[in-house]
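Visitor: Pasting a structure here, questions to come.
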Amino acid sequence: MQYVMFVGLIFTVFVADASDYFLQLKGTPVQGALIIAKTNPQAEVKVDNSATAVTEEGYFIFGFGRFDEQDKTIAITHQGHTYKTTVPVQTRDFPTERIDGLPANKVNPPASTLARISKESAQVKNARAVWSEQKAFLESFIWPAEGRVSGVYGSRRILNGEPKRPHYGMDIANVTGSPVIAPASGVVTMAVNDHYYTGGTIIIDHGYGLNSTYLHLSQVNVSEGQVLEQGQKIGEIGATGRATGPHLDWRLNIGTSLRLDPQLIIPEKP
């Protein structure tokens, strides 16, 4: 078994003779990272023993979650041989965000809303479970909105002194009505105006399991099934749902459960 070494954001690894097998990886191998990989066309790929979809050109994706500390094992079967390599993950120091003085219903929802929350959570899960063969995930993502970064992925949140689960999005604060655009092309799998937690919410499928979510919107300007181009307006920043001020909460997932850091896939703001 070989170990992948990383230099910068794009790297190439050869585990056997290049005519038999190659593996290229793009991304920063840290907690929360999306990794875009390319190997031999028509190869079969497993990540940690789970079969992974591969495009006809040999592209596939995987990622590291907020709490992942174990290396990823990549097994590629090509021309009758299986090659294995290990991708190490780097841990991160996540900040702690403390917010005090919130109304009680902003910290813990009343019992009367639990059925609604459960229904909406199932709706989100179904939208994130959509799988397609579009290849928008290969595009260079851009910022979905202008504004100040007011919250970061992975931060530990303490609300009114009560520890909560980590924040899994990138928050971009700006005035209500500021435009939100699609950072990459894709297809809308959910577009709603009034979810309890997230208010105006949009989910976009970018292909091969990668999807992105846009929360607390004051306006939703797209509909389910709509095909989007990169840079197309999808909504406007707001403070709907359980938001404490106007901002976009932008999230990135592979499938329904692997939560990634969207800030790692966009260029640094000038």
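Visitor: Using a cut-off of 10 Å between beta-carbons, work out the net charge of the residues near residue 147 (Lys and Arg +1, Asp and Glu -1, residue 147 not included).
Guide: 0
Visitor: Along the Cα→Cβ direction, 7 angstrom out, place labels at residue 152 and residue 55. What is the inter-label distance in nm?
Guide: Label-label distance for residue 152 and residue 55, simple model: 3.1 nm.
Visitor: Please calculate the 1.4 Å probe accessible area of residue 73, with all protein chains present, and give it to the nearest 10 Å².
Guide: 40 Å²
Visitor: Still on this model: Where does the Debye-calculated log10 I(q)/I(0) of the chain sit at q = 0.12 Å⁻¹, using only Cα point scatterers of equal weight, no solvent?
Guide: Log10 of I(q)/I(0), two decimals: -0.76.
Visitor: Right, another one. I'd like the accessible area for residue 171: 1.4 Å probe, protein heavy atoms, all chains in place, Å² to the nearest 10.
Guide: Result for residue 171: roughly 10 Å² accessible.
Visitor: Using a Gaussian network model of the chain whose springs link C-alpha atoms within less than 10 Å, name the residue from 182, 115, 75 with the highest mean-square fluctuation.
Guide: 115
Visitor: Starting from 0.36 nm per residue, how many nanometres of slack lie between residue 133 and residue 224 once their C-alpha separation is accounted for?
Guide: The residue 133-residue 224 span can extend by a further 31.0 nm.
Visitor: Considering only the other residues whose Cβ falls under 14 Å of the Cβ of residue 33, what net charge follows from Lys and Arg at +1 and Asp and Glu at -1?
Guide: +1
Visitor: I need to check one value: relative contact order of the chain, counting alpha carbon pairs closer than 8 Å and at least 6 residues apart, in percent.
Guide: Taking the mean separation of contacting Cα pairs over the length of the chain, I get 17 percent.
Visitor: Please list the non-local residues whose amide H lies under 5 Å from the amide H of residue 157, H modeled 1.01 Å from N, same-chain partners needing a gap of 5 or more.
Guide: Result for residue 157 returns 97, 164, 167.
Visitor: Still on this model: Using a Gaussian network model of the chain whose springs link C-alpha atoms within less than 10 Å, name the residue from 163, 179, 144 with the highest mean-square fluctuation.
Guide: The residue that fluctuates most here is 163.
Visitor: Take the Cβ-Cβ distance between residue 194 and residue 30 as r, set R0 to 45 Å, and report the resulting FRET efficiency rounded to the nearest 0.05.
Guide: 0.80
Visitor: A further question on this structure: What does the charge dipole of the chain about its Cα centre add up to, to the nearest 20 debye, if the Cβ of each Lys and Arg holds +1 and the Cβ of each Asp and Glu holds -1?
Guide: Using Cβ point charges on Lys, Arg, Asp and Glu, the chain gives about 740 debye.
Visitor: Over the chain, give the accessible area per residue in Å² for a 1.4 Å probe, as an integer.
Guide: 48 Å²
Visitor: When the chain is treated as a GNM, springs tying every alpha-carbon pair under 10 Å, which of 239, 145, 43 comes out with the largest mean-square fluctuation?
Guide: Taking springs between Cα atoms under 10 Å, the residue moving most is 43.
The values are calculated or read from the model by the stated rules, or taken from the named source; none is laboratory data. These numbers come from a predicted model, not from an experiment. Here Cβ is always computed from backbone atoms with ideal geometry, including for glycine, and neighbour counts include all displayed protein chains. Only protein heavy atoms, including side chains, enter the accessible area calculation; ligands, DNA and RNA are left aside. Shrake-Rupley method; radii C 1.70, N 1.55, O 1.52, S 1.80 Å.
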